[in-house]
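Just so it is clear, none of the values below were taken in a lab; they were calculated from the coordinates. For clarity, every value in this text was computed on a predicted model and none was experimentally measured. Every residue, glycine as well, gets a Cβ built from its backbone with ideal geometry; the counts of neighbours run over all protein chains shown.
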Amino acid sequence: GSMIAPNGQQYQWVGHRAPSLQRKAAPVWGSPVRLFDGVDLKGWHALGENQWKAESGVLRSPHSGANLATDALFTDYKLHIEFRYPAGSNSGVYLRGRYEVQIEDAEGREPPNDVIAAIYGFLPPAEMASKGPGQWQTYDITLIGRMVTVVFNGKTVICRQEIPGITGGAINSREGDPGPILLQGDHGPIEFRNIIITPAK
């Protein structure tokens, strides 16, 4: 989840309203692209000292360390990603490097906007679809402008809702620009696999 400032305060994002990023027409989808080949970290870079490893088809962060981002930048897309976390861990998938889809094992202890499958701080999931720690789980996320749909383990938990602004930890606030897929690796162990993006043409 959230970012804690060096003085222990949570960052508050203030200022102007985010751009609407309204799209004139429905997207035409391109071909799916596999972002992780299961063998090495080609196409990715760590934002700090790298602790991520590729091991037999799984992208692993064995302990807290740097976040990991794609070299390529994307605007509108469908993203399929599978993840597994141990008990008590926390991670997230940042869309365009700016909007965090939360991954965490603290069900019932977090505000609704901060639980697993939430757009962190903003949009709560409509239902709890988590399988819990130690299980492979799936996000299918569609991002068009600032409208997001999150399908979690086959259940639509956020349906075409507008993300009001950037999440703490965003790479920058330039919401109109393309950005990377960013995987949070600074809150504990996490594993990902089968990361497939289908960009809009």
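Here are some notes:
- When the Cα gyration tensor is reduced to axis lengths a ≥ b ≥ c, the ratio a/c is 1.5 or higher for segment 16-61, and with a/b not above b/c it is classed as oblate.
- Residue ranges 173-181, 141-149 sort as 141-149, 173-181 when ordered by packing (mean number of other C-beta atoms within 10 Å per residue, highest first).
- Overall form of the chain per C-alpha gyration tensor (a/c, 1.5; a/b vs b/c): rounded
- Net charge over other residues, Cβ less than 11 angstrom from the Cβ of Gly188 (K, R count +1; D, E count -1): -3
- Using bins of 10 Å that start at zero, the share of Cα-Cα pairs per bin across segment 53-98 amounts to 18, 54, 27, 2, in whole %.
- Lysines whose Cα lies under 22 Å from that of Lys78, excluding same-chain neighbours fewer than 8 positions away: Lys24, Lys42, Lys155, Lys201
- All aspartates and glutamates inside 18 Å of Lys53 as judged from Cα atoms, apart from same-chain residues fewer than 8 positions distant: Asp37, Asp40, Asp71, Glu82, Asp186, Glu191
- √(5λ) per eigenvalue of the Cα gyration tensor, segment 112-152, largest first, Å: 19, 13, 7
- Gyration tensor (alpha-carbon) shape descriptor, segment 14-112, a/c threshold 1.5: oblate
- Modelled spin labels at Glu127 and Glu49, positioned 7 Å past Cα toward Cβ, are 4.5 nm from each other.
- Highest average packing first - 64-72, 125-133, 26-34, Cβ atoms within 10 Å: 64-72, 125-133, 26-34
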